[in-house]
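Structure record follows, encoded as structure tokens.
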Amino acid sequence: MHLAAHFPGVNNTTVWSDPRSRSQIDFSSFESLARTAERGKFDFFFLAEGLRLREHNGRVHDLDVVGRPESLTVLNALAAVTDRLGLAATVNATFNEPYELARRLATLDHLSAGRAAWNVVTSSDAFTGENFRRGGFLDRADRYTRAAEFVATARELWDSWTPDGESRPFAHEGPQFTISGEFTVPRSPQRHPVVIQAGDSDEGREFAASAADVIFTRHGTLEAGRAFYTDVKARLAAYGREPDDLKIMPGVTVVTGDTDAEAQERAAEIRRQQISPQNAILTAEQLWGTDLSAYDPDGPLPEIDPVIDSGLVQGRVLYGDPVAVVARWRAIAEAKGLSLRQTVIETTTRQSFIGSPRTVAAELTAFVDERAADGFILVPHLTPSGLDDFVDRVVPLLQESGAFRSAYTGSTLRSHLGLPEPVWKG
């Protein structure tokens, strides 16, 4: 299986009240988590991106208050303190340009000796667009159109240097970009940095099948994972690709204990820390689109209907139709006798593997063996020590069973992932 580490930073899974939590800005936090991932022989280290501080009811979102550093800058620094670990940056294809981004990614690939990756994301958010000179944004239907041409154009730039090290002029003319000139960075050790795509929508799946090397996804059960895996892998043939050319890696959390029962207790306590009474109200407000501060988090769900497109929350992605989600929450709360806070805890849990180290190792292996995933991107709840327990207690069991590598056998991220070298199309 393949394993990657997501730096928790500003994610909702992070527990900042834990005394072991440290800064999401200090380089020492990034270095600590990356070194742990490399000690565990992980494929890559994964950073998220934020192009504007999110807002809730006119105030900066509490997880963003100390800022969000730029991913590629951090990864360039990490290249100097790691040797084999892949370095993946989330960079937006809506608010960047192919030449500049292709240059920055190729530079990281050189500095890291072939370990760079680009997680392609898009935005249809006018709120984020206000931070940029053109002040615009793309309609949702156009996001992947631009992203697909962006990736294709970047690859044209990377291919403008021949395998013999000769620079050739490039010229690209398309609906999104018309550029020509000469690319300044020679062919990098991987030829093309690894391309990751994050998204579960139909258009996201199709984009991944056509252009990505890894898809970062989310699904909550083995059955859902198998359905997603089968669907996405079946799309590859239309683009002349083999099933192993795209790795499917859901984001997951892991909680371990000496016994399964102890792990379940720890997981329940972590969820209570993640969803405090205040956070329960804030999470509900994202869905209802209105101020719910007068409601008791330990009381029943609000009886009012959601306010659609209220603007209360800015810069956050909402998953699903609020009316349908609220109806589902109400059904769950009524069936299980849950309060508002308990309902938030029940419905917002990311897919987790909970149990003793041996139980977790067996369940992870089963997901891969049963074609529900090719591997996993771990999202710990502590910054930066959240991977320590997994690396110390679960990885050795995976190595012992032959499910995971005991040593790196190559030097590039492509070699870790078992991806073919890009065919030069110059």
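The values are calculated or read from the model by the stated rules, or taken from the named source; none is laboratory data. Keep in mind it's a predicted model, so treat the numbers as computed, not measured. Here Cβ is always computed from backbone atoms with ideal geometry, including for glycine, and neighbour counts include all displayed protein chains. We work out accessible area using only protein heavy atoms, side chains counted, and drop any ligands, DNA or RNA first. Shrake-Rupley method; radii C 1.70, N 1.55, O 1.52, S 1.80 Å.
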Quiz item: From the list SER401, SER411, SER406, which residue is surrounded by fewer than 17 Cβ atoms within 10 Å (Cβ to Cβ) and within 11 Å of MET1 (Cβ to Cβ)?
Solution: SER401
Practice problem: Only residues in region 335-349 that are over 15 Å from ASP296 (Cβ atoms) and free of Cβ contacts under 8 Å to residues at least 24 places away in the same chain count as the first member; pair them with residues that are of a type in the set (S, T, N, Q) and crowded, with 17+ Cβ neighbours inside 10 Å, Cβ under 9 angstrom, at least 6 apart or cross-chain, and list the lot. | Solution: LYS336/GLN342; LYS336/THR343
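Within region 326-355, track down each residue that is open to solvent by 20 Å² or more (accessible area, probe 1.4 Å) and more than 30 Å from ASP305 (Cα to Cα).
Answer for region 326-355, where residues must be open to solvent by 20 Å² or more (accessible area, probe 1.4 Å) and more than 30 Å from ASP305 (Cα to Cα): SER352, ILE354.
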Exercise. Kindly indicate whether ALA34 is out of contact with any Cys (no Cβ under 8 Å at 6 or more places or on another chain), part of a helix (DSSP H, G or I) and surrounded by fewer than 17 Cβ atoms within 10 Å (Cβ to Cβ).
Key: no
Quiz prompt | Those residues of region 258-288 which are part of a loop (DSSP other than H, G, I, E, B) and surrounded by 20 or more Cβ atoms within 10 Å (Cβ to Cβ), in sequence order | solution = ILE275
Quiz item: Within region 368-385, which residues are closer than 22 Å to ASP18 by Cα and in a loop (DSSP other than H, G, I, E, B)?
Solution: VAL379, PRO380, HIS381, LEU382, THR383, PRO384, SER385
Quiz prompt | Residue within region 7-22 that is over 19 Å from the mean Cα position of the chain (by Cα) and acidic (Asp, Glu) present | solution = yes
Quiz item: Within the bounds of region 74-81, is there any residue that is outside any helix (DSSP H, G or I) and either out of contact with any helix residue (DSSP H, G or I) (no Cβ under 7 Å at 6 or more places or on another chain) or farther than 23 Å from ASP392 by Cα (or both)?
Solution: yes
Exercise. Among the residues of region 210-232, count how many are modelled with pLDDT under 95, of a type in the set (A, V, I, L, M) and either open to solvent by less than 50 Å² (accessible area, probe 1.4 Å) or in contact with a helix residue (DSSP H, G or I) (Cβ under 6 Å, 6 or more places away or on another chain) (or both).
Key: 2
Quiz item: Looking at region 233-248, which of its residues are open to solvent by less than 70 Å² (accessible area, probe 1.4 Å), of a type in the set (A, V, I, L, M, F, W, C) and not in a loop (DSSP other than H, G, I, E, B)?
Solution: LEU236, ILE248
Practice problem: Working only within region 210-221, note down all residues that are within 18 Å of HIS2 (Cβ to Cβ) and in a helix (DSSP H, G or I). | Solution: none
Practice problem: Starting from residues that are polar (S, T, N, Q) and under 24 Å from the mean Cα position of the chain (by Cα), keep the ones in region 238-269 and report whichever is modelled with the lowest pLDDT. | Solution: THR253
Quiz prompt | strands (runs of 3 or more DSSP E) enclosed by region 97-184 - at least 1 residues per element that are free of Cβ contacts under 8 Å to residues at least 12 places away in the same chain, within 30 Å of ALA4 (Cβ to Cβ) and open to solvent by less than 80 Å² (accessible area, probe 1.4 Å) | solution = none
Quiz item: For residues in region 37-48 being of a type in the set (A, V, I, L, M, F, W, C), touching a His at 6+ places or on another chain (Cβ under 9 Å) and outside any strand (DSSP E or B), which is modelled with the lowest pLDDT?
Solution: ALA48
Practice problem: Identify the single condition in (1) open to solvent by less than 40 Å² (accessible area, probe 1.4 Å); (2) modelled with pLDDT under 95; (3) under 24 Å from ASP200 (Cα atoms) that ILE308 does not satisfy, given that it satisfies every other one. | Solution: (1)
Exercise. Quick one: LYS425 ticks every box in (1) open to solvent by 30 Å² or more (accessible area, probe 1.4 Å); (2) closer than 22 Å to VAL214 by Cβ; (3) assigned to a helix (DSSP H, G or I); (4) touching a helix residue (DSSP H, G or I) at 6+ places or on another chain (Cβ under 9 Å) except a single one, so which number is it?
Key: (3)
Exercise. Name the one entry in VAL313, VAL326, VAL360, VAL379 that is in contact with a strand residue (DSSP E or B) (Cβ under 8 Å, 6 or more places away or on another chain), of a type in the set (A, V, I, L, M, F, W, C) and farther than 20 Å from PHE42 by Cβ.
Key: VAL313
